[in-house]
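Dumping the structure here so I can ask a few things about it.
The values are calculated or read from the model by the stated rules, or taken from the named source; none is laboratory data. For clarity, every value in this text was computed on a predicted model and none was experimentally measured. Neighbour counts are summed over all protein chains in view; Cβ atoms, including those assigned to glycine, are modelled from backbone coordinates with ideal geometry.
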Amino acid sequence: MRLHPRFVWIAVGIALLVLLNLAFQSSQTSSDPVTDVYEPVYLPVLTRNYPNLFPPPLEARREGWLRKWHESQESNYCLEAGGTPYYLEREPGEVTWLAAVAETDVVPDVEIEVHIDEKVAVTGTAGYFDPACNFPRLNARKIEVIEVLPEGAGDP
């Protein structure tokens, strides 16, 4: 009985694979352990190639009195960290704030300025920007006027 030539080549190939596998396994166990280092450079590449890897920004709607922090007032860390002088108050003159309101391409700075001292509903994406601040930054996509403050009632 004679062996088929293909069978011989397959047996030789399998034997070579087994020998190579044994050679690489023995060289890896005798050398120092390899430490994998994950570079932070890969994160921008991942987000560019797979944009849905991270959840979308939070949509929020807040209703309150729109105010602007003036340079004559004492500086406020949270508004500086949020990068905007605009904020929403719960009630006129209250110390607690609902959100820092930031301009966007949809709602520019000029439109926000028009609605200062009015009770508005601001819709947009919200994100907490600093652990020391207990209110989010709201990137405005839409502003609706709810109530207008009487003349002279909002002056500091």
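Being at pLDDT 90 or above and loosely packed, with under 15 Cβ neighbours inside 10 Å is the filter here, so list the residues in the stretch 122-145 that pass it.
The answer is K142, E144, V145.
Check whether at least one residue in the stretch 31-39 is surrounded by 10 or more Cβ atoms within 10 Å (Cβ to Cβ) and either more than 18 Å from R137 (Cα to Cα) or at pLDDT below 90 (or both), and report yes or no.
No; the residues of the stretch 31-39 include none that is surrounded by 10 or more Cβ atoms within 10 Å (Cβ to Cβ) and either more than 18 Å from R137 (Cα to Cα) or at pLDDT below 90 (or both).
Okay, moving on. Could you check how many residues of the stretch 81-111 are within 26 Å of P131 (Cβ to Cβ), touching a strand residue (DSSP E or B) at 6+ places or on another chain (Cβ under 8 Å) and not in a loop (DSSP other than H, G, I, E, B)?
11
Considering only residues that are within 20 Å of F129 (Cβ to Cβ) and in a loop (DSSP other than H, G, I, E, B), look in the stretch 40-80 and name the one that is modelled with the lowest pLDDT.
F54
How many of the residues making up the stretch 112-142 are out of contact with any Cys (no Cβ under 9 Å at 6 or more places or on another chain) and in a loop (DSSP other than H, G, I, E, B)?
Qualifying residue count, the stretch 112-142: 6.
Restricting attention to the stretch 93-127, which residues are within 19 Å of the chain's Cα centre (by Cα) and closer than 14 Å to L79 by Cβ?
Hits for the stretch 93-127 are A99, A100, V101, A102, E103.
Please work out which one of (1) outside any strand (DSSP E or B); (2) surrounded by 14 or more Cβ atoms within 10 Å (Cβ to Cβ); (3) modelled with pLDDT under 90 is the condition P150 fails and give its number.
(2)
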